[in-house]
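Written below as structure tokens is the structure these notes are about.
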Amino acid sequence: MGNLYQLLSEDVRFSECLKACMNCGVCTAICPAAEFYRYDPRRICDIVQRRNEDEIEALLRSDTIWYCGQCMSCKTRCPRGNVPGVLISILRKVSQQLGYFAESEKGRQQYALTKTIAKNILDIGYCVHPDRISPELHPEQGPIWEWYVEHIEDVAPKLGANYHGDGSGALRHIRQESLDEVRKIFQATGAMDLLDDIETFTKKETGIDDDETLFALTYSGEEPK
Amino acid sequence: MSKRYWNQYQKEIADDRYFYERSCIRQSFFPGSEAAFLKILREELGKDIHDDVNQHTCTGIGYHSDVVPFETTMTVVARLFSLMTQAGYENYVPSCVTSFGVFTEIVETWKEQPALLEKTRKLLKETTGREFNIPKNIVHPSDIIYKFRFELRDRMKYRLVNRYTGKPLKVVEHIGCHYAKIFPKHGVGNAEFPYVLAGMIEAWGGEVIDYPERRHCCGFGFRQYLVQQNRGYSLANTQKKFESMQPYEPDFILTNCPGCSMFMDKWQYVIAEMENKTYDKDGYGIPVLTYEELAGLLLGYDPWTLGLQLHQVQSERLMDKIGIPYNKNEKFKGVSGKLLPYPEKPEHLKV
């Protein structure tokens, strides 16, 4: 490409998240992702600040940039005030912009996130909602969650929620005017283009056009049951 | 090291007239906590807190999962600020640690880059016709409970004391990463000496356990939990905290963020079912309470209206220790008073 560093540096957050990294490795020492994955935020900062285009491109095409959990523990600890977690967010943005994300298994999982979190925001105004947290997809929620979802109309009002009701309160129905305004903001600020790009690049890379199959593969790693 | 280090890190917390912003996760998993918070502010403290009908998500989970661009999140946040402005409020209260982090990040970014603020104003005006003021004060709901912890203590019926031994209950607290790790100056006690929950625990009679992994992430990790294939990350990080706190034998865990609360509850269930292991001595797990649930319980609110029955690790043994009465026959009744079928019992975790 030859201009990847330039693309990264154009992000409005870039100047706040990467000054001169001295490679001390404190970010890696504190990083929960580095404990779980073969992941080293110190090295990522170094690759970017050295402006090595080949290595940056390899990063953008790899699973590596998708390991961060965005806890931002690195922000607190960096003695130079760098934020590897935000740098990761910028790398992910450019990877999605260029379609490179679809070349890695972890990157393709973005498809599942567009069909859950992003879809929820546009459909119902919230990132998550009990109607969209099915016990089948969330076995870790245990039998108490199954019970709640099954009896939510009886239980939620007891807890003060206004489940699917008008007016204010938890779990209420969100007015169409509010949803329309959120959608307009998504359209004008590039979110809809991003969601379209994720879908297009993932389908092209995998050769799978069926939404159900692609969701199952990118969410659980298995074919749909 | 002085136990009063936290005192060097305080923040401004408005006295009254708050604009409440609803959390995706809190309303989904802990609607009773949200209702308790609003009730405590209005009925116990006599405060004005506005719950706007036109509010919605801040998109924080989408932003940190990289399916919502920063520019979009900034403009959605601007719409929420416009609702606050329209309603005549200046003090913004996002009911989620991730939201709190998003709002502080955006306002700090606007301070550093005024041109971005102007761009956001223009985008909001063009898309919705709306205008907004930046809040004078942004605080997490726990900051308000912390600020008025002594006033609430004076109204409480119970204390965090083991009624059998007379000793303070031992409490593990978890403030959640985005409360203070992104902008330590905006967290009571900073990221290193967290005191927002510890202050409540001490004021209400308990003892705070300072354990090695106190500041470690709960393991949410956004895409690391939201995508099923990645959930080992989430589970492993929460397990690391449990292993670290276990030797101190905590009576319960107190949380700031609704996500952390849910994970620390549900992953105990998963570990119990997978490995037949719990982190208490008796096989019931360590109860995990939100700060609203704790305040409500000590004020004498009904535990089944607070929503304690929705936790997978149940809280009756903790209530017994404190001496809080409860009617077990009411636990699984619906709003109509009809007894609902009991939930299935886990195989290993005792309930």
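Screening B:Asp210 with (1) without any contact (Cβ under 8 Å) to a residue 24 or more places away in the chain; (2) more than 9 Å from chain A (Cβ to nearest Cβ); (3) under 18 Å from A:Gln141 (Cβ atoms) gives one miss only, at (3).
For the stretch A:10-43, what are the residues that are under 27 Å from B:Leu116 (Cα atoms) and more than 14 Å from chain B (Cβ to nearest Cβ)? Within the stretch A:10-43, A:Leu18, A:Ala20, A:Cys21 qualify. Taken together, the residues in the stretch A:8-42 that are surrounded by fewer than 19 Cβ atoms within 10 Å (Cβ to Cβ) and either of a type in the set (S, T, N, Q) or not assigned by TED's automatic domain parsing to the domain that holds A:Ser89 (or both) amount to 3.
Considering the stretch B:220-237, the residues that are facing chain A (nearest Cβ under 7 Å) and small (Gly, Ala, Ser) include one that is farthest from the chain's Cα centre (by Cα), namely B:Ala236. Scanning the stretch B:72-110 for residues that are more than 20 Å from A:Ser168 (Cβ to Cβ), more than 22 Å from the chain's Cα centre (by Cα) and surrounded by fewer than 23 Cβ atoms within 10 Å (Cβ to Cβ) gives B:Glu108, B:Thr109, B:Trp110.
Of the residues making up the stretch B:48-67, those that are touching a Ser or Thr at 6+ places or on another chain (Cβ under 6 Å), under 24 Å from B:Cys177 (Cα atoms) and part of a loop (DSSP other than H, G, I, E, B) are B:His56, B:Cys58, B:Thr59, B:Val67. Residues considered: B:Glu118, B:Glu131. Of these, the only one that is free of Cβ contacts under 8 Å to residues at least 40 places away in the same chain and surrounded by fewer than 23 Cβ atoms within 10 Å (Cβ to Cβ) is B:Glu118.
Only helices (runs of 4 or more DSSP H) whose full extent lies in the stretch A:92-192 are considered here, and the ones with at least 1 residues that are at the interface with chain B (Cβ under 9 Å from one of its Cβ atoms) and touching a Cys at 6+ places or on another chain (Cβ under 8 Å) are A:119-124. Checked against (1) free of Cβ contacts under 8 Å to residues at least 12 places away in the same chain; (2) within 22 Å of A:Gln97 (Cβ to Cβ); (3) surrounded by fewer than 15 Cβ atoms within 10 Å (Cβ to Cβ), A:Lys204 passes all but a single condition, namely (1).
Going through (1) in contact (Cβ under 8 Å) with a residue 60 or more places away in the chain; (2) of a type in the set (Gly, Ala, Ser); (3) closer than 26 Å to A:Gly107 by Cα one by one, B:Ala272 falls short only on (3). If you go through the stretch B:12-55 and pick out every residue that is within 7 Å of chain A (Cβ to nearest Cβ) and either modelled with pLDDT under 95 or under 12 Å from B:Ser95 (Cα atoms) (or both), you end up with 8.
If you go through the stretch B:155-202 and keep only what is at positive phi and more than 14 Å from chain A (Cβ to nearest Cβ), you end up with just B:Gly166.
The single condition from (1) of a type outside the set (A, V, I, L, M, F, W, C); (2) farther than 16 Å from B:Arg130 by Cβ; (3) without any contact (Cβ under 8 Å) to a residue 12 or more places away in the chain that B:Thr104 fails is (3).
On the stretch given as the stretch B:317-347, residues that are assigned to a helix (DSSP H, G or I), more than 14 Å from chain A (Cβ to nearest Cβ) and either within 24 Å of the chain's Cα centre (by Cα) or surrounded by 11 or more Cβ atoms within 10 Å (Cβ to Cβ) (or both) total 6.
Listed here are the residues, each with its yes/no results for (1) farther than 15 Å from B:Val171 by Cα; (2) touching a residue at least 60 places away in the same chain (Cβ under 8 Å); (3) in contact with a Phe, Trp or Tyr (Cβ under 7 Å, 6 or more places away or on another chain).
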| residue | (1), (2), (3) |
| --- | --- |
| B:Asn276 | yes, yes, no |
| B:Asp280 | no, no, no |
| B:Gly283 | yes, yes, no |
| B:Ile286 | no, yes, yes |
| B:Gln312 | yes, no, yes |
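The values are calculated or read from the model by the stated rules, or taken from the named source; none is laboratory data. Treat the numbers as computed from the prediction; the structure is a model and nothing was measured. Neighbour counts run over all protein chains shown; Cβ positions are idealised from the backbone, glycine included.
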